[in-house]
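First the structure, in the form of structure tokens, and then the observations on it.
Every number here is computed from the coordinates shown, using simple stated rules; none is lab data. Remember, it's a predicted structure, so these values are computed and weren't measured experimentally. Note that we place each Cβ from the backbone using ideal geometry, even for glycine, and neighbour counts take in every protein chain shown.
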Amino acid sequence: MRTADIELATKGAAAGAVRGTMTGLWDRRWNALPVPMCATDVMGHIVGFNRRAADLWGREPALGESAEPFLGRKLFGARSGGRDEAPVDYVLRTGISLHGKESVILRGDGSRAVCILHIDAVESDDGVRIGAIACFVDVTERKRAQDKLAERELWFRELLEALPTAIYTTDADGRVTFYNQAAVDFAGRRPELGKDEWCVTAKLFHPDGRPMPHDECPMAVALKTGKAVRGAQAIAERPDGSRVPFQPYPTPLHDDEGNLLGAVNMLVDLSERKASEARLELMASEVDHRAKNILAVVQAVMRLTRGNDVGEFRSAVSGRIDALARAHGSLANNRWSGADLQQLINEELAAFAAASAGRIVARGPQLMLLPAAAQSVGMALHELGTNATKYGALSSAQGRLRVVWSFDAGDGLSLRWTESGGPAVRAPERRGIGSNLIERMIRQHGGTTHFDWQPDGLVFAMTLAADQVRAGGAEPIPAALA
């Protein structure tokens with residue numbers, strides 16, 4: 001016989017000789033143990049098991065059956081020197097005990113159980129390895145709970161990452177343990193986990209500009225007092241020097257027994273709100289300024305308006321205030337960035353054009369008048385329209401009116417009002433209230449006026465300083481109200 005055959009036969013005989021010994025160890029008392037257990041011979045065959053092991057496996061193996069399917073099929077790998085070896089084979093080969101080895105066991109119904117294995121080699125009195133004893137700790141439910149917890153934690157992390165608001169967490173000592181991408185964008189830097197303390201920002205300041213030490217920031221206060229901080233504000237400075245006003249919402253986290261675990265903080269960027277507050281403050285100031293300006297214009301209209309009776313006075317004042325209101329309406333449509341000249345002319349002449357359909361032409365480039373200039377031009381157009389309707393071209397069916405304008409960056413706005421086809425016209429012996437009002441309104445914006453009373457109708461020319469006019473359309477959102 002070959003040597004290998006002799007050794008195999010000898011080992012088999014020895015296994016058979018000790019099987020009885022191992023089986024003898026297996027008595028009723030083992031069934032009383034609270035954990036699944038089994039024993040194998042030196043060849044890795046099952047020689048005994050208790051009732052709890054059979055319950056775990058979902059079936060009862062035959063004595064002498066290989067223990068490998070019942071002790072986990074997961075290969076042992078690197079620890080066994082790179083061999084593809086099951087845990088029980090490793091113990092039987094090396095005699096080294098295994099404790100705490102996680103393994104997956106296939107049960108009789110096809111389901112899987114996750115167990116923690118503890119396997120020890122068994123030796124005879126003379127030191128000969130005769131088998132192994134294994135016990136199991138079924139951790140299937142615990143493993144399932146851990147997996148669910150890990151899934152939930154991953155879900156929460158993904159949720160926090162998806163939020164557009166800066167969020168970060170710290171441990172009980174204030175060391176940063178988590179932050180989302182929004183926190184990186186907010187701080188302009190990527191904090192170092194476990195090292196950065198209290199806040200994700202590089203520098204902090206009080207709202208009044210005083211430096212704020214990190215260990216005195218709202219997050220530090222929340223951790224030191226164990227209470228949430230609300231209503232505080234601060235300013236964060238990024239590494240590039242830019243500053244962001246923000247409102248923090250630090251909230252301590254406790255376990256079921258009330259022990260402090262750490263805290264979570266949300267940083268709300270107040271830049272837009274602060275800018276909006278500044279715009280509202282500017283708007284309130286501007287409204288106050290415009291209200292005073294309007295009252296001043298109304299007072300001037302009242303002083304310059306005269307009439308023979310109350311009715312004539314009321315009509316003149318009402319018309320001029322209506323002209324002012326139309327100019328303001330045009331400004332409001334453009335969010336007070338200015339008034340479109342074409343629109344302003346159309347609206348001021350609309351009251352006179354009903355009986356003059358097709359007899360009025362108004363053409364020129366698209367221009368925006370600054371608010372104060374728009375009010376004055378609107379008033380001037382109203383005075384010219386009123387005069388044309390009472391005495392000039394629009395007082396007869398044959399009369400025509402042509403309004404044209406142009407713009408030059410150096411010379412500014414040039415507008416020409418030409419009446420024709422109406423009653424014969426002659427220059428007035430003295431300047432009237434309307435002429436004086438027009439001249440006064442235009443002159444205060446660096447403009448000039450000229451009245452030319454031609455026999456066929458009035459020709460009026462005016463200019464306006466270039467800084468009172470903007471070529472093109474209105475700006476969507478003005479940086480400041482003019």
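Descriptive notes on the structure:
- Protection proxy ranking, highest mean first, for peptides 441-452, 149-160: 441-452, 149-160, where packing is the per-residue count of other beta-carbon atoms within 10 Å, averaged.
- Neighbour counting of Cβ atoms within 10 Å sorts the residues ASP208, ASP41, ASP55, fewest neighbours leading, into ASP208, ASP55, ASP41.
- Local electrostatic count, LEU261, Cβ distance below 10 Å [Lys/Arg +1, Asp/Glu -1]: -2
- Residues with amide H under 5 Å from that of ASN50, placed H, sequence gap 5 or more: MET37
- Applying the Karplus relation 6.51 cos²θ - 1.76 cosθ + 1.60 with θ = phi - 60° to segment 399-404 yields 3J(HN,Hα) values of x, 10, 10, 10, 10, 10 Hz, where x marks Gly and Pro.
- Loop trypsin sites (Lys or Arg not before Pro), segment 209-269 (other Cβ atoms within 10 Å of the site Cβ: 15 or fewer; DSSP): LYS227, ARG230
- Summing Lys and Arg as +1 and Asp and Glu as -1 over all other residues whose Cβ lies under 13 Å from the Cβ of GLN233 gives a net charge of +2.
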